[in-house]
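> Below: one structure in structure tokens.
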Amino acid sequence: MFSFSKFFLASSLEEAYSELLKNKKNIILGGTSYLRMGNTSWNTAIDLSNLNLNYILEKEDFISIGAMTTFRSLETNSLLKDYFGEIFNTALKDIIGVQFRTNVTVGATVFSKYGFSDLIPVLLALDSKVKLFNGGILTLESFLNESDIRRDILVEILIPKKVCKTSFQCVRKSKTDYAITNTAVTNENGTFKIAIGVRPGKAKLAHKAMEILNNSDNITDEVIDRACSFIDEEITFGSNMRGSSEYRAAISKVITKRALKEVL
């Protein structure tokens, strides 16, 4: 169980950010579901619960998702389903249980760049952006590629409004276990996005595979096989207790092919 010396209930983002910068051991609280699994001691725990960051809103160009929005809200939201089909429900429904998903927040998951995440590949394949209190708006891909953890607050996720075909595929040892590897694929009028997650590192876009598909006039089985053959050349896979790098690479090609066929 994690611990902290002081608790700070922020009344504004400005106040929360100011408190965060006072000490390197100050931390922003999300749902704390994963923090509870560790034994780290923190100085001040900063709570954003009073800042109204639990929302999913349709705006002119984006779907805005507040940082304190829970996985359960994503899983059941009709607006997300209207634009993006069942991908959020499919990706999140097997994560432990409803009680857990009602507690886990979007902001904590994305800001922490969890390598085991089933949500981040979905957001990456949907061209999402992150809005940071101090750092402004940047693409999720560029945020994930940063090696350092920012001293900042993730305010919301911005997903471009577009109706597209989507698919999420993963392999688990058991239904509620962490994924061994996963993939999220989108098809917007013939433009494909492929995000590979649980490598077991941070999710990445498969740019070479996407280039082959997006430059092909006719998506045949041969084109899909050729695109998928580049996945393990471009994406680095690692080994851990759930699977070897070789197994992950082989499985990733299979489930990506399955996802691509689903969005044709």
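> When the residues of the stretch 102-123 are filtered to those that are open to solvent by 10 Å² or more (accessible area, probe 1.4 Å) and part of a helix (DSSP H, G or I), which remaining residue is farthest from Y17 (Cα to Cα)?
Applying the filter and picking the extreme gives S112.
Residues are listed down the side, and each one gets a yes or a no for (1) among the hydroxyl-bearing types (S, T, Y); (2) crowded, with 22+ Cβ neighbours inside 10 Å; (3) without any contact (Cβ under 8 Å) to a residue 60 or more places away in the chain; (4) within 29 Å of I96 (Cα to Cα):
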| site | (1), (2), (3), (4) |
| --- | --- |
| T166 | yes, yes, no, yes |
| V171 | no, no, no, yes |
| K175 | no, no, no, yes |
| Y178 | yes, no, no, yes |
| T186 | yes, yes, no, yes |
| A203 | no, yes, no, yes |
| A206 | no, yes, yes, yes |
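> Within the stretch 193-242, can you find the residues that are over 24 Å from K173 (Cα atoms), among the acidic types (D, E) and either touching a Cys at 6+ places or on another chain (Cβ under 9 Å) or modelled with pLDDT under 95 (or both)?
Residues satisfying the conditions are D217, E233, E234.
> Let me ask another. Which ones in the stretch 51-76 are of a type in the set (A, V, I, L, M, F, W, C), assigned to a helix (DSSP H, G or I) and under 17 Å from the mean Cα position of the chain (by Cα)?
F71, L74
> Somewhere in the stretch 121-144, is a residue of a type in the set (A, V, I, L, M, F, W, C), in contact (Cβ under 8 Å) with a residue 40 or more places away in the chain, farther than 20 Å from N182 by Cβ and in contact with a Ser or Thr (Cβ under 8 Å, 6 or more places away or on another chain)?
No, the stretch 121-144 contains no residue that is of a type in the set (A, V, I, L, M, F, W, C), in contact (Cβ under 8 Å) with a residue 40 or more places away in the chain, farther than 20 Å from N182 by Cβ and in contact with a Ser or Thr (Cβ under 8 Å, 6 or more places away or on another chain).
> Return a yes/no flag: does the stretch 129-144 have any residue that is open to solvent by 30 Å² or more (accessible area, probe 1.4 Å), assigned to a helix (DSSP H, G or I), over 24 Å from G85 (Cβ atoms) and among the aromatic types (F, W, Y).
no
> Kindly establish whether I157 is modelled with pLDDT of 95 or more and either surrounded by 18 or more Cβ atoms within 10 Å (Cβ to Cβ) or part of a helix (DSSP H, G or I) (or both).
It is true that I157 is modelled with pLDDT of 95 or more and either surrounded by 18 or more Cβ atoms within 10 Å (Cβ to Cβ) or part of a helix (DSSP H, G or I) (or both).
> Another question about this same structure. Where residues in the stretch 225-238 are among the charged types (D, E, K, R) and closer than 9 Å to A209 by Cβ, which of them is least open to solvent (accessible area, probe 1.4 Å)?
Result: E234.
> Of the numbered conditions (1) on the phi < 0 side of the Ramachandran plot; (2) open to solvent by less than 10 Å² (accessible area, probe 1.4 Å), E262 satisfies every one except a single condition; which is it?
(2)
> Next question, about the same structure. Any residue in the stretch 89-97 that is assigned to a helix (DSSP H, G or I), surrounded by 18 or more Cβ atoms within 10 Å (Cβ to Cβ) and in contact with an Asp or Glu (Cβ under 6 Å, 6 or more places away or on another chain)?
Yes - at least one qualifying residue is present in the stretch 89-97.
> Identify, please: which residue in the stretch 239-259 is assigned to a helix (DSSP H, G or I) and charged (D, E, K, R) and is, among those, surrounded by the fewest Cβ atoms within 10 Å (Cβ to Cβ)?
E246
> Looking at T76, T40 in this structure, which one is within 22 Å of V163 (Cα to Cα) and either free of Cβ contacts under 8 Å to residues at least 40 places away in the same chain or open to solvent by less than 50 Å² (accessible area, probe 1.4 Å) (or both)?
Checking each option against the conditions leaves just T76.
The values are calculated or read from the model by the stated rules, or taken from the named source; none is laboratory data. Quick caveat, the model's predicted, so the values are computed rather than measured. For neighbour counting, all protein chains shown are included, and Cβ atoms are generated from backbone atoms with ideal geometry for every residue, glycine included. SASA here: full protein model, heavy atoms, side chains in, ligands and nucleic acids out. Shrake-Rupley method; radii C 1.70, N 1.55, O 1.52, S 1.80 Å.
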